[in-house]
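Asks: Sharing a structure here in structure tokens format.
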Amino acid sequence: MEKEVITLLSGRELDKMRRAGQLAAQLLDYLEPMVKPGVTTLELNDAAEEWTQKHGAKSAPLGYKGFPKSICTSVNQVVCHGIPNSKQVLKDGDIINIDVTPILDGYHGDTSKTFLVGQPSAKARKLVEVTQECCRRGIQAVRPEGRVGDIGAAIQEYAEAEGFSVVRDFVGHGINHIFHTAPMIPHYGRRDTGKRLRPGMVFTIEPMINEGTWEVKVLEDGWTAVTRDRKLSAQFEHTVAVTEDGVEILTLS
Ligand code: MF3
Ligand code: CO
Ligand code: CO
């Protein structure tokens with residue numbers, strides 16, 4: 001994290017975060033119909049880059065700490081940070097997380113979804129549904145004067161009750177004009193622990209939920225994170241703001 005202090009956004013900054021968040025959600029909506037057997041992850045990347053530029057925005061991942069592409073495409077056992085590639089053709093039964101982060105007027109909108117390619121197995125579909133519900137429950141745990149641990153607890157309890165595991169090595173993050181900043185938002189933990197949530201805080205909730213072990217491994221390319229047991233992983237992500245009376249999702253489509 002670039003700093004320890006948690007920024008509280010002004011109304012004007014929140015407005016910019018809303019616009020960036022909306023653009024990010026629209027970008028996922030734009031890509032969704034392209035997610036079909038036969039498309040390559042590079043084609044998805046290039047469509048995203050072109051759409052982003054056309055809407056007056058920039059792709060935050062491109063060149064971020066050396067990341068080579070504009071979006072992350074994480075297929076099946078890939079947990080996150082999959083790199084789009086012309087040789088990677090989606091096939092019937094795959095699941096793919098697409099993670100986009102356009103920068104609009106200096107502010108970041110960060111969101112991701114896991115899509116079904118054709119007809120995945122029942123267990124793959126269950127993993128994707130449970131992961132989406134984890135994201136929803138994490139968001140619902142956000143309230144002013146609540147604490148960061150409330151979010152992880154809500155996610156972990158549900159994921160584990162459904163027989164899945166929660167990735168530890170990657171967490172949600174504060175986000176504003178900076179892509180990744182304080183606070184860190186673990187997707188596991190205990191209620192009534194961690195930093196207190198205050199109106200004006202903006203961060204992501206992005207649980208990665210695994211079919212088998214929660215342990216991950218980063219491949220030789222320095223980015224692609226896979227499950228250690230090579231079983232499936234899914235993820236959903238929203239950027240949210242703590243409000244005076246609850247939570248506002250900035251990346252709802
Ligand atoms: N969008 C990812 C996140 O949710 C970060 C991707 S960083 C990249 O935080 F460099 F891999 F693109
Ligand atoms: Co993201
Ligand atoms: Co994020």
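The values are calculated or read from the model by the stated rules, or taken from the named source; none is laboratory data. The shown structure was predicted, so the numbers you read here are calculated from the model rather than taken from an experiment. Glycine also receives a Cβ, built like all others from the backbone with ideal geometry; neighbour counts cover every protein chain displayed. Just so you know, the surface numbers come from the protein's heavy atoms only, side chains and all, with ligands and any DNA or RNA stripped out. Shrake-Rupley method; radii C 1.70, N 1.55, O 1.52, S 1.80 Å.
Asks: Against the definition (at pLDDT 95 or above, more than 16 Å from ligand 2 (Cβ to nearest atom) and open to solvent by less than 30 Å² (accessible area, probe 1.4 Å)), how does Ala122 come out, yes or no?
Replies: Spelling it out, it is not the case that Ala122 is at pLDDT 95 or above, more than 16 Å from ligand 2 (Cβ to nearest atom) and open to solvent by less than 30 Å² (accessible area, probe 1.4 Å).
Asks: Look at Ile103 and say whether it is surrounded by fewer than 22 Cβ atoms within 10 Å (Cβ to Cβ), within 14 Å of ligand 3 (Cβ to nearest atom), assigned to a strand (DSSP E or B) and touching a residue at least 60 places away in the same chain (Cβ under 8 Å).
Replies: Taking the combined requirement at face value, the residue satisfies it.
Asks: Now a separate question. Output yes when any residue across region 62-71 is within 16 Å of ligand 3 (Cβ to nearest atom), over 17 Å from the mean Cα position of the chain (by Cα) and over 24 Å from Arg230 (Cα atoms), and no when none is.
Replies: Yes, region 62-71 contains a residue that is within 16 Å of ligand 3 (Cβ to nearest atom), over 17 Å from the mean Cα position of the chain (by Cα) and over 24 Å from Arg230 (Cα atoms).
Asks: With Ile178, Ile249, Ile155 as the choices, which residue is buried (at least 22 other Cβ atoms within 10 Å of the Cβ) and under 30 Å from Pro84 (Cβ atoms)?
Replies: Of Ile178, Ile249, Ile155, the one residue that is buried (at least 22 other Cβ atoms within 10 Å of the Cβ) and under 30 Å from Pro84 (Cβ atoms) is Ile155.
Asks: Would a scan of region 187-207 turn up a residue that is over 16 Å from the mean Cα position of the chain (by Cα), within 16 Å of ligand 1 (Cβ to nearest atom) and either buried (at least 20 other Cβ atoms within 10 Å of the Cβ) or of a type in the set (Gly, Ala, Ser) (or both)?
Replies: No, the conditions are met nowhere in region 187-207.
Asks: Sticking with this one: What number of residues within region 107-156 satisfy the criterion of being more than 20 Å from Thr193 (Cβ to Cβ), outside any strand (DSSP E or B) and touching a helix residue (DSSP H, G or I) at 6+ places or on another chain (Cβ under 7 Å)?
Replies: Qualifying residue count for the region: 4.
Asks: For region 7-51, name all the residues that are in contact with a Gly (Cβ under 9 Å, 6 or more places away or on another chain), of a type in the set (A, V, I, L, M) and open to solvent by 40 Å² or more (accessible area, probe 1.4 Å).
Replies: Selection gives Leu8 alone.
Asks: What about Thr111, is it closer than 21 Å to Tyr188 by Cα and open to solvent by less than 10 Å² (accessible area, probe 1.4 Å)?
Replies: The answer is yes for Thr111.
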